[in-house]
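Have a look at the structure below before the remarks.
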Amino acid sequence: MMLFGEYDHQVDAKNRIRIPSKFKQELKNGYYFVMGNAKCISIYPAENMEKFVKQFEGISDLDIEAQEELANIFGSVFPGDEDGQGRVVLPKTLREYAGISKDVVSIGMVDRIDIYSKDERERIKSKKTHQERIQFLKGSIKYIIRSTKWIADS
């Protein structure tokens, strides 16, 4: 599964969107809306939800604080139920969290799609230059490699 690209579109008066056609093939088996890490709505294809859920394995049922946080995360998961014309309602709680009203940007993030309000996307894009982003990611990749090596050597 490979989701790439950035597409501008709009939410209609009934809070519905059409998923950009470039993403539709990857979502043919269904998808879920989830509160994203950033101020966005993430869409996970059905086959990637297991990977998303696995991140939380091992959290004890007896850890009350962790269970409260899990309730917030899993309470924000909604199935993407399209109507006969391929439109899907963005759940109100997720729209409010992401500050989405009309203009949106959908971005393919390899294994998911992130939907931002156009204003939030522009704010993020204006924070750094492309070169600054590449340098940041190079540093993150080096950290991951060092961490993986350290764990393997342990």
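Is it the case that some residue within the range 54-76 is touching a helix residue (DSSP H, G or I) at 6+ places or on another chain (Cβ under 6 Å), under 13 Å from Ile115 (Cβ atoms) and assigned to a loop (DSSP other than H, G, I, E, B)? No, that holds for no residue.
When Lys51, Lys28 are screened for being touching a Pro at 6+ places or on another chain (Cβ under 9 Å) and open to solvent by 100 Å² or more (accessible area, probe 1.4 Å), only Lys28 passes.
Ile100: touching a helix residue (DSSP H, G or I) at 6+ places or on another chain (Cβ under 6 Å), over 15 Å from Leu3 (Cβ atoms) and among the β-branched types (Val, Ile, Thr), yes or no? It is false that Ile100 is touching a helix residue (DSSP H, G or I) at 6+ places or on another chain (Cβ under 6 Å), over 15 Å from Leu3 (Cβ atoms) and among the β-branched types (Val, Ile, Thr). Open to solvent by less than 20 Å² (accessible area, probe 1.4 Å) and either under 20 Å from Lys22 (Cβ atoms) or in contact (Cβ under 8 Å) with a residue 60 or more places away in the chain (or both), is that true of Asp83? In short, no.
For the range 65-76, check the following and say yes or no: at least one residue is surrounded by 14 or more Cβ atoms within 10 Å (Cβ to Cβ) and either touching a residue at least 40 places away in the same chain (Cβ under 8 Å) or not hydrophobic (A, V, I, L, M, F, W, C) (or both). The answer is yes, given that some residue of the range 65-76 is surrounded by 14 or more Cβ atoms within 10 Å (Cβ to Cβ) and either touching a residue at least 40 places away in the same chain (Cβ under 8 Å) or not hydrophobic (A, V, I, L, M, F, W, C) (or both). If only residues of the range 86-101 that are in contact with a Lys or Arg (Cβ under 8 Å, 6 or more places away or on another chain) and in a loop (DSSP other than H, G, I, E, B) are counted, the one that is surrounded by the most Cβ atoms within 10 Å (Cβ to Cβ) is Leu90. Flag not set for Ile19, criterion: modelled with pLDDT of 95 or more, open to solvent by less than 80 Å² (accessible area, probe 1.4 Å), of a type in the set (A, V, I, L, M) and closer than 13 Å to Ile115 by Cα. Quick one: which of Ser76, Ser101, Ser154, Ser140 is within 21 Å of Leu27 (Cβ to Cβ), at pLDDT below 95 and among the hydroxyl-bearing types (Ser, Thr, Tyr)? Ser76 is the lone residue from the list that is within 21 Å of Leu27 (Cβ to Cβ), at pLDDT below 95 and among the hydroxyl-bearing types (Ser, Thr, Tyr). In the range 40-51, of all residues being in a helix (DSSP H, G or I) and in contact (Cβ under 8 Å) with a residue 60 or more places away in the chain, the one that is nearest to Ile17 (Cα to Cα) corresponds to Asn48.
For Gly108, the conditions (1) touching a Leu at 6+ places or on another chain (Cβ under 6 Å); (2) surrounded by fewer than 12 Cβ atoms within 10 Å (Cβ to Cβ) are fulfilled apart from (2).
The values are calculated or read from the model by the stated rules, or taken from the named source; none is laboratory data. These figures come from a predicted structure and were not determined experimentally. Cβ coordinates were reconstructed from backbone atoms using ideal geometry, including for glycine residues, and neighbour counts include every protein chain displayed. The accessibility values were calculated without ligands, DNA or RNA, using every heavy atom of the protein model including side chains. Shrake-Rupley method; radii C 1.70, N 1.55, O 1.52, S 1.80 Å.
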